[in-house]
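Okay, so here's the structure we're looking at.
The values are calculated or read from the model by the stated rules, or taken from the named source; none is laboratory data. No experiment lies behind these values; they were computed from the predicted model shown. Neighbour counts are summed over all protein chains in view; Cβ atoms, including those assigned to glycine, are modelled from backbone coordinates with ideal geometry. Heads up: the accessible areas ignore ligands, DNA and RNA and are worked out on the full protein's heavy atoms, side chains in. Shrake-Rupley method; radii C 1.70, N 1.55, O 1.52, S 1.80 Å.
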Amino acid sequence: MWNYDFIIPSLIILILFTLFYFSRRRIPIRLNKTFLIILLVEMATILIDGISSKCLEHNSLFPTTFLKIINVVFFMLFLLRGFFFFIFTADILNIRFSRAKLLAAISIIIFTASELLVLTNLFYPSIFDMTEEGYARMTFYNAIYISSFYLAITSLILTVIFKNKITNRKFAASLSFNSVLIIGYIVRIIFSNYLIMDTFCLTSLIIIYLSFENPDFYLDEKTGLFNKEALSLLLPELKPESKPFILGFIINNYSDLREIYSGVQMDTAVAMISDYLTKNQPNLYAFYVRDGRFILVGKNIMHGVKIRKDISKRFSEPWILNENNSIYLDISFVKVSQHLQFTDSEKLLSVLISALNNVSKIDSSNILISEETINITDRNTEIKRAVEKAVEQDSVELFLQPLIDVKTNKIIGAEALSRIRDSDGNIISPVQFIPIAEHNGRIGQLGEQMFEKTCRFIKEHDIKSMGLAWINVNISPIQFMHKNLNNRFSEILNKYGIPADIIHLEITEESMIDYALLQKQIQIMKNSGFQFVLDDYGSGYSNVTRLKSCPFINVKLDMEIVWDYFKRKDKILPTLVETFKQMNFTVTAEGIESIEMADAMKNIGCDFLQGFCFSKPIPAEEFAQKYSINGLKP
C-alpha cells in the first residue's frame, strides 16, 4: 500500500546529525535548541509514520483503539514538526513573540486548534476513521495541511519582511528550506501512497545545517574557541536581569608582538591561552574575537574577581612555546557591569570590542562598561550621524577666532574653525567630531568644505577692512597625506580668485610622524604658493631639530605649554621662544585668557596671541560684522 523506500535512509541521516550535534560544543541559544527539537521530532515522526503505515496495512491484526492512537500520535508529531520549523524561522529573524503578540497569538491558536482537532479523533472521527474497509480520511483531514501551509507560508512572508535583519546567505537559506517544506506538503497530497514528506523535511534540515548549524561557522580556526559570530548570537539572548558575567581581556601590544616574535609563535601562544581557558574555566563560554582579544561569558557567577585573579596569575608566568622559546604576555581587562541594563546587544558588542582595543592605551589596565559607557557610545553614534549629515549637505559651519599682533594690540589674522550641529541644533565640539571624522574617512571632505568656505568668506568680504592679513585653516594629518590635496586646494583658490598666501595652512605635530612625506607634501604645496604654520607645538612629536628643515612661517604654542608656564615660571618657554625667533619663525601663543597672560607672552617674545581674552570663536558672519572696523584693542 505504501512505499517505504525513503524512511530508512532518512532515519539513518537524522541519527548521524543528532550524534554529531552532541559531539561538538555549542553556545546555548534558541536557534540550536530549536534545531535539536526538530531533529528529535523528525526522527519520532519518521518512526511513527512507518509504524502506523505498516499497522494500517495489516489492520486486522491490531485493535482499532491502538490504530487510532498511533495515527493520532503521528498527526500530532506532523503538526509539531511544522510548528518548530516556523519557530526556527522566527529564531533566525530574531523575532520575539513577546513583542509580536498578534502574530504569536494567531500562530499558536491555529497550531493548538489543529492539535486539539487531532486529539478529538480519539473520540470522534474528525480527521480519519477506521472502518471495515480500513483507513478513511474524514471531513477535517485537510485541516492538517491548512495549518502546515499557514506556518510555512507565514515563515516565507516573515523572511521577506525582515530581510534586512539577516545576511543574504541566511535570507536565501530561510527561503529555501521553507519553500522545500511547502513543496513537500504539495507532493504528499498528490502522491499520498509514498512516504516522501520525511525526505523533504530531511532536505530542509540539511539546508538548515549547512546554513546555520554547522559548528565550524562559529568556531575560530586557530584556537577552537567560539568566534565573534557566535558571540553576536549569544549576547541578544542574555537577560540583563539575570546579571550575566561578561569579562574580556586583550594581549597588550599584540600587533607589535607578532612582529617581534613572528606570527607563528604568537598563534601558538594564543592557542595555548585558548586551551588554558577551556580547561580552567569550564563553566564559561570562551570567545576569541581576533587580534589578541578574548571574551568570557557565563551566567551570574559570584567568583568573577577570582576568575580575573586566576587569569592574571597565569599571565604573570611565561607561556612555554617549546624547549627553547617562552614568551611573557601582558593583558588588560574589560568587564561589563552586572548592573548594566542593556537592550541593544549589537551596541554592547561594539562597545566591548572598542573598549578592548583602547584599554591598553589608557592609564588604567581595567575598564568597567557601565551605563555611562553606553551613553558615551550613543553620543558618538549621534556625532557620526552629524558628521555624515554635514558632509552630505555641506553644512559644516565656518567660525573664526582673531589673532592679535602684540606690537599694535590689533587684529592681524584669524583662525578658521569648523563646527557642526547635532539633531537638536547644538554645537558639537571639534574635539568630539574631528577624531570620528578621521576614523570614518570623512575628514578629507569636511576639511575641503572648510577650505572652500574660508575662500568664499574672503571673496565676499573685505578682510583688509577687518584688519586681517591672513586666515589660518587647519589641515588634519590624515587629510594632509592625500596626494591630490595640492590640486584640490589650488582648484578652489582659482575658483574664487584667491591668492594662496592669504590662507595659511595649520598642521599639527602629529603630521610630523612621517617626516619624509611631510617634507615632500609641504614642498609641493609651497611651490603652489601655500604657507604653513605648525599648530599645537609642545603636544606631540616634533622637536627643534626637525623644525629647522621645515619651511614653517609660524609656530603656535599649544595652550597647555602656555598655561604650564604660568603654573611654574621657568626659563624653558622663554628660551624656546627665543630659539624659534633665531630660526626666523614668528611665534603665536594660544590659550590667552587674561591681560596678564597677554603681557607675559609679549614680554618673552611672542609675536601673536590667540584666546578667549580677545574673543571666543564666533560664526563667520558675526565675525565680519564685529570686526568691520579696523583692528581690535584688548
Excluding residues fewer than 8 positions from Lys68 in its own chain, the lysines with Cα under 17 Å of it are Lys54
Given a 1.4 Å probe, the accessible area of the chain per residue, as a whole number of Å², is 49
Placing each pseudo-label 7 Å from Cα in the direction of the beta carbon, Leu368 and Ile524 end up separated by a distance in nanometres of 5.0
P(r) over all Cα-Cα pairs of segment 79-201, 5 Å bins from 0 to the longest distance, whole percent per bin, short to long, reads 2, 10, 19, 20, 18, 13, 8, 5, 3, 1, 0, 0
For the pair Ile186 and Asn358, the simple spin-label estimate (label points 7 Å beyond Cα toward Cβ) gives in nm 5.5
Subtracting the Cα-Cα distance of Lys222 and Asp344 from 0.36 nm times their residue separation yields 41.0 nm
Proximal lysine pairs in segment 213-300, meaning Cα under 20 Å and 8 or more positions apart or interchain, come to 6
Treating only Lys and Arg (+1) and Asp and Glu (-1) as charged, each at its beta carbon, one finds that the chain has a dipole about its Cα centre, in Debye to the nearest 20, of 420
Simple SL model, points at 7 angstrom along Cα→Cβ for Glu491 and Asn280; separation in nm is 5.9
Which residues qualify? For Asn472, with a placed amide H closer than 5 Å and at least 5 residues away or on another chain, they are Ala414, Glu415, Ala416, His504
Partner lysines whose C-alpha sits under 26 Å from that of Lys453, ignoring same-chain residues fewer than 8 away, are Lys384, Lys389, Lys410, Lys464, Lys483, Lys495, Lys526, Lys556, Lys616, Lys626
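State the extension gain, in nm to one decimal, for the chain segment bounded by Ile8 and Leu116, taking 0.36 nm per residue of separation less the distance between their alpha-carbons. Please list the in-between numbers first.
Working: separation 108, 0.36 × 108 = 38.88 nm, distance 3.02 nm.
Full extension of this stretch gives 35.9 nm more.
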Answer check: segment 437-525, Cα atoms, Kirkwood Rh, Rg/Rh ratio of 0.98
Once phi for every residue in segment 462-472 is put through the Karplus expression 6.51 cos²θ - 1.76 cosθ + 1.60 (θ = phi - 60°), the whole-Hz ³J(HN,Hα) values, with Gly and Pro written as x, are 8, 5, 5, 5, 8, x, 8, 9, 7, 10, 7
If one compares the long axis through the Cα atoms of helix 485-496 with the longest principal axis of the Cα atoms of the chain, the angle in degrees, nearest 10, works out at 70
If R0 = 45 Å, then Asp462 and Ile327, at their Cβ-Cβ distance, give a FRET efficiency to the nearest 0.05 of 0.10
So the FRET efficiency between Ser262 and Asp564, C-beta based with R0 = 41 Å and rounded to 0.05, is 0.40
Output ordering of 491-500, 270-279 (per-residue mean of other Cβ within 10 Å, highest first) is 270-279, 491-500
Helix 443-460 sits off the longest principal axis of the Cα atoms of the chain, rounded to the nearest 10 on a 0 to 90 degree scale, by 40
If the chain between Ile15 and Asp599 were fully extended at 0.36 nm per residue, the gain over the current Cα-Cα distance would be 201.4 nm
Mean separation of Cα contacts under 8 Å (at least 6 apart) over the residue count of segment 1-155, i.e. the relative contact order in percent, is 22
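Estimate the FRET efficiency between Ile166 and Ile37 by the formula 1/(1 + (r/R0)^6), using the beta-carbon distance for r and 22 Å for R0, to the nearest 0.05. Don't skip to the end; give the middle numbers.
Numbers: r = 21 Å, r/R0 = 0.96.
With R0 = 22 Å, the Cβ-Cβ based efficiency is 0.55.
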Here the tail fraction of P(r) beyond 23 Å, over all Cα-Cα pairs of segment 346-453, rounds in percent to 43
Here Rg/Rh (Cα, Kirkwood) for the chain equals 1.16
Kirkwood Rh over alpha-carbon pairs of segment 394-478 plugged into Stokes-Einstein at 20 °C, 1.002 mPa s gives a D in µm²/s of 153
